[in-house]
Every structure is written in C-alpha cells, then in structure tokens.
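Notes follow the structure.
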Amino acid sequence: MPSLKDVKTKIGGVKKTAQITKAMNMVASARLRGAQDKMEAFRPYTAKFNEAMSNLSSRSSSGGNFPLMEKRDVKTVELVVVTSDRGLCGSFNSNIGKLAERTMREYEAQGKPVSFVCVGKKGFQYLKKTEKVRKVYRDIMGTFQMFNAREIATEVSQNFLAGGSDKVEIIFSEFRSVAVQRPTGHDFLPVQPSEATEGESTAAKISGEYIYEPSVEEIMDVLQPLYLNVMIYHAMLEVGASEHAARMTAMDNATNACKDIISKLTILYNKARQAAITAELMDIVGGAEALK
Amino acid sequence: MAQQIALEVVTPTGAVVNEEVDIVNAPGYGGDFGVLANHAPFLSTIKIGILSYEIGKKREFLMISGGFCEVSNNKITFLVESAEFGHQIDVDRAMKAKERAEKRLAQAASHDESINVTRAEAALQRALSRIKAASTR
C-alpha cells in the first residue's frame, strides 16, 4: 500500500492536470466560436462565387480551352493535406493522416505515384515517413489569411500546369458539428465546372443575357485561380473549426478522466488514513493493556 | 428621389457594404465604369483600385483589390479579396508599402531576378489605391 504522503502528492498532481485541461477546453471553445464566425463570414462569398462560376461555365460550353480544366491521363496524383499545427486534440490529425494514407495506397495500387503537400505541421509529422512530401506549410493555421491560401493554391496549380501532377485532391476535415468532424477528400484540379445540383436554380435565374467584360473565356481565366484560393481557404477554415471542436472534446474527456482518478485516489487515501489510525489505536490499546 | 440600386461588397471576411445607392463607380477590366439603377445584366472582372458610390449628397470611397462584379435584377455585387473604407486606411503604412514596392521594382528593373515583378506591381497598385482612397475621405 502506498504511503499517505505519496497518495496526497499524486492527488495534487492530478488536480493540477485537471486544471490545465479545463483551461484548454475553455480556450478551445472560445477559439471555436471565433473560427465559426470566420466561417459564417466567408459563406456569402463562396455562395456568390459558386453562383458566378456555374453561370459562367454554362455560358462557356463553347469549349474554351483552359489549362486548369484540362483533363489529362492521370499518371501522377498530388494530395493537399490540411491539418492543424498543434496536437492535443484527440485523434483529429491522425484521422486526416489515415485518410491521406489510404488514398495514397489506392492510387499506388493503380500504379499512380502520389506526392503530398502538407498544410499544417501535424500532417507533415504523420506523413513524413512516406518520404513523399513535396512541400510543407507550417505554422499558418493559427492566423491564416486569404494570402496564405493564395500562396498554396498558386504553388499547387503551377505544379499542375508544369505537369508535376495530373490530378490534385485536397484532404481536410469537414466541420459537421461540435461533436462530429469528418475527414473528407475533394477533387481540386483539374477544375470541375460547378455541381449540377446548384445549376438548375441559377440557370433559371440568369436567363437574361449578360454583358461580359472582357469575354467569358477571359473572365474564366481570372476566376479559376480565385476559385482555387477559395477552395483552399474553405478547407483551412473547416480544419480550423474542426481542430478546436476536437480539442474541446479531447480536453473535456481528459478533465473527466482526471476527476475519476482523483475520486479513486481519494478513496485510496482515506483507506490508508484509516489503516494508519487503526494501527495507532491498536498500539495505544496494546500499551494500556500492558500497564495493567 | 431617383431610383436606386442595391450595392453589396462581399469579401472573404464578410460583407463590407450592403446599401441602396444612387450610383456606383468601379475600376473594371476595360477601365472605370459607372452603374445606375436598372442596369442591364453585366459581369466584369475588377482591378485593384477605388470603388465609389453615392447616396444622395453623401459620397463614399473604398479601396478594393481584385475580384469581379455582377449586376443583375437591379443589384450590383462585388466579390473582392479585400475592401477598405478610405477613413479606415492607415496612410503611413500605405506610404511605406509604396516605397517598398517601388524599391523592389527598381531592383527588378536593374538586374535582380529574385524579385517577383507581378507581385511587386500588385503591391504598388494596392498601396497607391489605398493612399488615393484615404486622401478622398
């Protein structure tokens, strides 16, 4: 049986840990709110953007030749993996890493070599053992801005245009709710004309003839890189929110685990105390008995 | 009261302007253009520059960076990467940015190939527009 003092020290230590995890939980929940606000602010921009994109691509069916939309024979694939920079958020980052690895294996099984572009330190740490990481963007997830997204999008699309990859997918974690974050993969390059689901409503709305300045094709040329920025930025926002949500859950669990340990240790402590008292009493009684 | 048109300026960090205005002037691809109420459907890319609009006698200036704008159903929507009101702009900072960009361009013009000319030019454009927007407050 551990001594009274040992148990007491241990209880103190676990209490401190619980304090820290609780504080981290609160910080994460405050940050989550910030991240959600950011997502909220970004939503109208994406909505409008997609609308305009589908509007334009329905007009340019005349077959404009856009290098970013060119569908080539897929020989090499690049995966853009967006994760957080920091740990202590449960299985959040490794879930994204696992999805990336699985996707890599699928492509390699088809004989298509894969390279990675990691956004966020944790993804790199997970994937560096594959030795296929082409580029890493570290320490930008905390305070990322649009220009970070632009930098990444430019780098990836230039590599695509130079023939370094024939297909690019982006892997990140979708923020469903505070409790649910799901790792997902999306096609990134070549640029797909917008989804058919939105197409109907917008096509009806824009029946009127537009004046385009410059031509539809030239606008598309400008819009496509912007579209990529938007996609990267969107992924970063989702990951940002997911990270904080995952950390909240992880830290909540940790705090609860601490409480369990504390109550167990307290029982142990009381038992040890009682045993000590009993032993002392026995001594006293024994001593008094001997004096008679 | 003359007819008005709804103006909306949207950036990745949220909507900046959402108002009924009399006229909008913006730097389009082929030069500046003005939009009044009931304009025909129109779509244009936007350069870095100054967007101005009027409500009655009030005139506002915004510095905007690249994106595009769409006019339809008596509504004009700007989708730009950033938009700042003239009175929000830090002139000193813009001046410094201007000097920096000019220096980089001068370097690039002489020999230095490490300088990204397009980027420096864009930075200079932004700085100049900021200064201009701030001076018209």
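Couple of notes before you dig in:
- Calculated mean residue ellipticity at 222 nm for chain A: -22500 deg cm²/dmol, from DSSP H runs with n ≥ 4 weighted as -39500 (n - 2.57), summed, divided by the residue count and rounded to 500.
- Taking a ≥ b ≥ c as the square roots of the eigenvalues of the alpha carbon gyration tensor, segment A:1-122 is oblate, as a/c is not under 1.5 and a/b does not beat b/c.
- Sites B:Ala15 and A:Ser263, calculated FRET efficiency, Cβ-Cβ separation with R0 60 Å, nearest 0.05: 0.75
- Segment A:Ala47-A:Ala279, extension gain: residue separation times 0.36 nm, minus the distance between their alpha carbons: 76.0 nm
- On the basis of the beta-carbon distance and an R0 of 56 Å, A:Lys271 and A:Glu155 show a calculated FRET efficiency of 0.35.
- Highest mobility in the GNM of chain A, judged by mean-square fluctuation with C-alpha springs under 10 Å and restricted to A:Asp37, A:Asp73, A:Asp221, is found for A:Asp73.
- Cβ-based exposure ranking for A:Lys135, A:Lys271, in which fewest neighbours within 10 Å come first: A:Lys271, A:Lys135
- Integer Hz, Karplus 6.51/-1.76/1.60 couplings in order for segment A:94-105, x for Gly and Pro: 6, 5, 5, x, 4, 4, 4, 5, 4, 4, 4, 4
- Signed unit charges on C-beta, dipole axis of chain A, positive-most listed residue A:Ala41, A:Val119, A:Val180: A:Val180
- Whole-angstrom gap from segment A:13-61 to segment A:261-280, using each part's C-alpha centre: 48
- Integer Hz, Karplus 6.51/-1.76/1.60 couplings in order for segment B:86-99, x for Gly and Pro: x, 6, 8, 7, 8, 5, 4, 5, 5, 4, 5, 4, 4, 4
- When segment B:90-135 is described by a simple charge dipole with +1 on each Lys and Arg Cβ and -1 on each Asp and Glu Cβ, the residue from B:Ala97, B:Ala133, B:Ala108 located farthest towards its positive end is B:Ala133.
- Rounded, prolate or oblate (a/c below 1.5 giving rounded, otherwise prolate when a/b exceeds b/c) for chain A by Cα gyration tensor: prolate
- What the pair-distance distribution of chain B shows, using all Cα-Cα distances binned every 5 Å from zero, is 2, 11, 18, 21, 18, 12, 8, 5, 3, 1, 0, 0 percent.
- Backbone phi angles across segment A:170-181, fed through the Karplus curve with coefficients 6.51, -1.76 and 1.60 (θ = phi - 60°), yield HN-Hα couplings of 10, 10, 8, 10, 7, 8, 8, 7, 4, 8, 10, 10 Hz in residue order; Gly and Pro are listed as x.
- Most fluctuating residue given options A:Asn25, A:Asn95, A:Asn55, as computed from a GNM of chain A linking Cα atoms under 10 Å: A:Asn55
- Estimated FRET transfer efficiency (B:Glu99, A:Met69; beta-carbon r; R0 41 Å; 0.05): 0.55
- Its DSSP H runs of at least 4 residues, each contributing -39,500 (n - 2.57), put the calculated 222 nm mean residue ellipticity of chain B at -10000 deg cm²/dmol, to the nearest 500.
- Placed amide H near B:Glu20: partners under 5 Å, 5+ positions off or other chain: B:Leu7
- Set of segment A:160-195 residues, backbone N closer than 20 Å to the point 7 Å along the Cα-Cβ line of A:Lys98: A:170-186
- Over the C-alpha trace of segment B:90-135, radius of gyration and Dmax come out as 11.0, 34 angstrom.
- Degrees separating the helix A:216-291 axis from the principal Cα axis of chain A, which is the longest one: 10
- Residues A:Tyr45, B:Tyr29, A:Tyr227, arranged from fewest to most other Cβ atoms within 10 angstrom of their Cβ, appear as B:Tyr29, A:Tyr227, A:Tyr45.
- Counting only lysines at least 8 places from A:Lys135 when in the same chain, those with an alpha carbon closer than 20 Å to its own are A:Lys75, A:Lys98, A:Lys112, A:Lys121, A:Lys122, A:Lys167.
- Scanning residues 5 or more positions from A:Arg134 or on other chains, those with amide H under 5 Å from its amide H are A:Phe116, A:Val117, A:Cys118, with H placed 1.01 Å from N in the peptide plane.
- A cut-off of 5 Å between modelled amide H atoms, ignoring neighbours fewer than 5 places along the same chain, links B:Phe61 with B:Gly86.
- Eligible aspartates and glutamates near A:Lys38 by straight Cα distance, threshold 19 Å, same-chain separation 8 or greater: A:Asp85, A:Asp139, A:Glu174, A:Glu238, A:Glu243, B:Glu8, B:Glu81, B:Glu84
- Angle between chain B longest axis and helix B:117-135 axis [Cα atoms, degrees, rounded to 10]: 50
- Order of A:Lys98, A:Lys8 - criterion: other Cβ atoms within 10 Å of each residue's Cβ, fewest first: A:Lys98, A:Lys8
- When only alpha carbons of segment B:5-86 are considered, Rg and Dmax amount to 11.2, 30 Å.
- Within a Gaussian network of chain A (alpha carbon springs, distance under 10 Å), most fluctuating of A:Arg86, A:Arg72, A:Arg150: A:Arg72
- Between segment A:65-127 and segment A:128-193, the Cα center-to-center distance that results, in Å: 8
Any read-out appearing in this document is the output of simple, stated calculations on the displayed coordinates, not a laboratory observation. All values derive from a computational prediction rather than experimental measurement. All Cβ positions, glycine included, derive from the backbone under ideal geometry; neighbour counts span all protein chains shown.
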